[in-house]
Amino acid sequence: MKLYHNPRCSKSRQTLDFVKNESPEVVLYLKHPLSRGQLDDLLSRLNEPISEIIRWDDKSAPNKPDIIDSHLVIELLLANPNLMQRPILDDGNIAMICRPPEKSLDLI
């Protein structure tokens, strides 16, 4: 199990508290940005529309386009890893954006 984590985010810290007994691999994606292949792999397991992985309300985000595909999402996240929604819990089969953090309980 992996937790894509930003320690500065309160929701991410709360999710880590919920799943700490599962001993997840904590991925500090801002320090170690994901590669194109890792992002593609993560998107393939996301249990919601891929557009949800982008923090569209972030000041550095572009306006949300009408058509969003994996190519656009990957290019945005490669250029701006801080636009990735957090936290994301990934059990290898399903990746889930844990907002609210209690959603993580559905995966553990």
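The values are calculated or read from the model by the stated rules, or taken from the named source; none is laboratory data. For clarity, every value in this text was computed on a predicted model and none was experimentally measured. When we count neighbours, we look across all protein chains shown, and the Cβ atoms used for this are built from the backbone with ideal geometry, even at glycine.
Numbers below:
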{"item": "Failed item, numbered, when Lys59 is tested on (1) surrounded by fewer than 14 Cβ atoms within 10 Å (Cβ to Cβ); (2) within 14 Å of the chain's Cα centre (by Cα)", "result": "(2)"}
{"item": "Long-range neighbours under 7 Å by Cβ, at least six apart or interchain, first residue of a type in the set (Lys, Arg) within segment 97-108, second surrounded by 12 or more Cβ atoms within 10 Å (Cβ to Cβ) and not in a loop (DSSP other than H, G, I, E, B)", "result": "Arg99/Lys11; Lys103/Met96"}
{"item": "Qualifying residue in segment 49-58 (condition: part of a loop (DSSP other than H, G, I, E, B), at negative phi, of a type outside the set (D, E, K, R) and at pLDDT 95 or above)", "result": "yes"}
{"item": "Odd one out for Val19, checked against (1) surrounded by 15 or more Cβ atoms within 10 Å (Cβ to Cβ); (2) within 14 Å of the chain's Cα centre (by Cα); (3) outside any strand (DSSP E or B)", "result": "(2)"}
{"item": "Sole exception among (1) of a type in the set (D, E, K, R); (2) loosely packed, with under 13 Cβ neighbours inside 10 Å; (3) closer than 17 Å to Thr15 by Cα; (4) under 12 Å from the mean Cα position of the chain (by Cα) for Glu102, by number", "result": "(4)"}
{"item": "Residue identified as surrounded by 14 or more Cβ atoms within 10 Å (Cβ to Cβ) and part of a helix (DSSP H, G or I) among Leu42, Leu34, Leu30, Leu3", "result": "Leu42"}
{"item": "Hits in segment 59-98 - residues which are basic (Lys, Arg) and modelled with pLDDT under 95", "result": "Lys59"}
{"item": "Residue in segment 92-105 that is assigned to a helix (DSSP H, G or I) and acidic (Asp, Glu) present", "result": "yes"}
{"item": "Close pairs from segment 63-84: first more than 18 Å from His5 (Cα to Cα), partner among the hydroxyl-bearing types (Ser, Thr, Tyr) and surrounded by 12 or more Cβ atoms within 10 Å (Cβ to Cβ), Cβ under 6 Å, at least 6 apart", "result": "Ile68/Ser51"}
